[in-house]
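See below for the structure under consideration.
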Amino acid sequence: MSTMIAPAREAVRAADRVAAARQRVSIGETLGQTLMMAWRALKKMRRNPEQFFDVALQPILFTAMFAFIFGGAIAGDVESYLPQMIPGILAQTVLTTCMATGTQLREDMEKGVFDRFKSLPIARIAPLAGPMVADLLRYTIAATLTFTMGLVLGYRPGGGAGGVLAAILLAIFTGWSLAWVFTWVGTIARSAQAVQGISMMILFPLTFLSNAFVPVETLPDWLAAFVRINPVSHLVTAARDLANSALVSGEVAWTLLACLTVIAIFAPLSVRSYKRHM
Amino acid sequence: MLATLLKIDAGRAEIFGVDVAGNPHVIRQLVGVTGQYASVDENLTARENLWLFSRLQGIAAPRARRIATELLGQFGLEEAAGKPIAQFSGGMRRRLDLAASLITRPPLIFLDEPTTGLDPRTRGQMWDTIRGLVANGCTVLLTTQYLDEADQLADRVAVIDHGRKVAEGTPDELKTAVGNSALQLLLADPGDAPAAVEVVRRVLGSDPIVSPERGRLNVALDQADLAADVLIALRTAGVSISSVSVAKPSLDEVFLALTGRETGRDDETGTEENR
């Protein structure tokens with residue numbers, strides 16, 4: 001082992017450092033730091049491939065399962081159910097994927113490295129936003145696999161490749177926006193298990209009380225009223241129109257509006273509660 | 001709090017003339033923190049850790065690479081550079097952690113018990129590193145439970161007992177405040193300890209520190225001459241002694257005298273090393 005004497009570089013002068021210090025983080029620096037954090041999260045994913053289990057298995061499993069269970073009952077046969085169901089599964093998988101964002105953030109925050117992130121002169125949002133950028137990869141995998149599985153079962157989207165791609169992009173963006181909710185839960189909850197529990201409670205009503213798997217007309221009025229305002233319903237309808245008939249409907253606008261609202265509320269909330277945790 | 005990890009709830013603090021609460025971003029550029037628990041990323045290798053922390057602090061890629069190599073060399077971690085931290089020993093993590101704090105060569109470094117749980121050789125290396133930092137003009141604020149460490153490294157020592165500073169000064173000042181020298185007595189018969197305490201109290205007017213299980217007494221003296229008085233009084237009282245030494249008090253005795261208790265498990269000594 002070599003000696004550990006610090007190098008004989010030029011002496012450190014406190015006064016010079018004070019003068020050279022920057023007052024605040026610029027937008028460019030924030031972006032750069034977020035990308036570095038994303039790089040870290042990607043490295044982490046590569047070293048823990050089990051993180052891909054949910055995004056890989058869930059679309060395959062759920063698509064096959066739901067198609068055969070509900071297909072006959074709801075649409076008469078599996079094939080005519082697929083155009084209705086695949087966008088529903090798309091929404092569901094993307095939402096489940098973003099739930100993991102909060103759980104993992106909580107786990108991460110309990111580790112020592114977050115103490116260092118806090119002590120570094122970096123934008124407070126970077127440690128939160130970085131992993132979310134890396135998660136875009138997970139959404140892409142989940143969404144692509146859902147459609148692939150649909151194709152295998154005999155789904156032939158009328159909207160063509162362009163329509164499907166648009167539906168996937170919309171779903172990814174929605175997942176990414178809603179992930180801010182779970183990030184916020186991640187910063188307020190006491191443990192990773194708590195995050196998981198709370199997230200489930202948010203997620204289940206959102207996905208199942210929507211038009212993802214059953215037509216709204218079959219529901220009682222009071223439930224139908226909630227289903228119609230549920231943002232997940234908007235996403236599902238928008239994705240159906242895009243994938244099945246390449247139609248950019250007003251639902252797309254509603255979905256995007258809901259997403260932006262969620263980001264506007266929960267991104268600042270997350271950063272604030274993360275700061276308070278310090 | 002000073003490192004902006006916690007919010008300041010009362011009062012005001014300045015580091016190098018910069019208000020801590022008002023300019024946290026500036027403070028973070030001036031201060032390096034190394035915690036008790038190594039705050040490095042377990043999922044990355046040593047080199048990737050240093051690279052990440054350099055890049056986050058706006059150091060350009062080629063320079064970040066150079067700094068990483070330099071620091072790994074300095075801390076004897078070249079061979080482990082490509083290994084994930086999960087495989088590192090405690091000492092290696094601690095060294096990497098300190099290396100990560102030194103990337104931007106901050107003028108003030110907080111070290112929270114940097115040598116707790118390290119073997120004597122690694123501790124010696126850590127001490128050398130700390131001395132090197134100070135030689136380079138850094139101010140190091142170090143907390144430790146090992147008073148020997150404070151004695152070795154620190155220019156100024158603050159003794160903290162239950163969250164309150166009970167004394168501050170150079171190690172010599174603190175020792176002098178407790179007494180110029182200490183008389184250490186080993187009784188031939190540990191059962192004589194109460195009698196010996198009685199004698200010391202009569203002669204000096206103060207209580208010695210007793211370790212009853214081995215019959216060891218530690219007596220603080222204002223003047224080394226008084227040692228003879230104590231010894232004569234003991235002989236007169238019929239307490240026999242198996243060994244005697246007179247020494248300058250150690251910081252341990254300072255600590256015990258200041259906190260007034262035999263054991264101080266929850267207490268920490270903050271030491272500060274200035275250039």
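The values are calculated or read from the model by the stated rules, or taken from the named source; none is laboratory data. Everything numeric in this text was worked out from a predicted model, so none of it was measured. Neighbour counts run over all protein chains shown; Cβ positions are idealised from the backbone, glycine included. For accessibility, only protein heavy atoms count, side chains too; no ligands or nucleic acids. Shrake-Rupley method; radii C 1.70, N 1.55, O 1.52, S 1.80 Å.
Below are the figures for this structure:
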read-out: Cα gyration tensor shape of the protein assembly as shown, rounded if a/c is under 1.5, else prolate or oblate by comparing a/b with b/c; value: prolate
read-out: Neighbour count of at most 15 Cβ within 10 Å plus DSSP loop: longest GluC sites (Glu not before Pro)-free window in chain A; value: A:111-278
read-out: Rounded to the nearest 10 Å², the accessible area of residue A:47 at probe 1.4 Å; value: 80 Å²
read-out: Residue among A:221, A:16, A:115 with the largest mean-square fluctuation in a Gaussian network model of chain A, springs linking Cα atoms under 10 Å; value: A:16
read-out: Heavy-atom accessible area ranking, 1.4 Å probe, most first, across A:223, B:30; value: A:223, B:30
read-out: Listed residues A:162, A:186, A:175, most fluctuating in chain A (Gaussian network, C-alpha, under 10 Å); value: A:162
read-out: Helix A:27-47 axis, angle to chain A major axis (alpha carbon atoms, nearest 10°); value: 70 degrees
read-out: Residues losing 40 Å² or more accessible surface upon assembly, the stretch B:56-103, compared with the chain by itself, 1.4 Å; value: B:56, B:57, B:74
read-out: Dipole of the stretch B:14-173, positive end: most advanced residue of B:162, B:39, B:141 [Cβ charges, Cα centre]; value: B:39
read-out: Solvent-accessible area buried by pairing A with B, both sides, nearest 100 square angstrom, 1.4 angstrom probe; value: 4400 Å²
read-out: Carbon and sulfur %, accessible surface of the protein assembly as shown computed with the full protein complex present, 1.4 Å; value: 60 percent
read-out: Within the protein assembly as shown, helix-based [θ] at 222 nm, where runs of 4 or more DSSP H residues each add -39,500 (n - 2.57), nearest 500; value: -19000 deg cm²/dmol
read-out: Accessible area of residue B:20 in the full protein assembly, 1.4 Å probe (Å², nearest 10); value: 10 Å²
read-out: Cut-off under 5 Å, modelled amide H: who pairs with residue B:241 long-range; value: B:188
read-out: Length gained when the stretch residue B:121-residue B:19 is fully extended (0.36 nm per residue, less Cα-Cα span); value: 32.8 nm
read-out: Cα-based shape type of the stretch B:14-173, given that a ≥ b ≥ c are square roots of the gyration tensor eigenvalues and the cut on a/c is 1.5; value: oblate
read-out: Size of charge dipole - chain A - debye, nearest 20, with Cβ of Lys, Arg +1 and Asp, Glu -1, no other charges; value: 1480 debye
read-out: Occluded residues from the stretch A:93-138, i.e. those whose accessible area drops by 50 Å² or more once the chain is not alone (1.4 Å probe); value: A:113, A:116, A:119, A:120, A:121
read-out: Cross-link table A:275/B:83; A:111/B:83; A:111/B:175, entries beyond 29 Å C-alpha to C-alpha; value: A:275/B:83; A:111/B:175
read-out: For the protein assembly as shown: accessible area per residue (Å², 1.4 Å); value: 45 Å²
read-out: Dipole magnitude (debye, nearest 20) for the stretch A:49-175, charges at Cβ of Lys, Arg, Asp, Glu; value: 340 debye
read-out: Nonlocal amide H pairs with residue B:167, under 5 Å, H built at 1.01 Å; value: B:159
read-out: Cα-centred dipole magnitude for the stretch B:180-248, charges only on beta-carbon of K, R (+1) and D, E (-1), debye, nearest 20; value: 100 debye
read-out: Angle in degrees between helix A:126-153 and the longest Cα principal axis of chain A, rounded to the nearest 10; value: 30 degrees
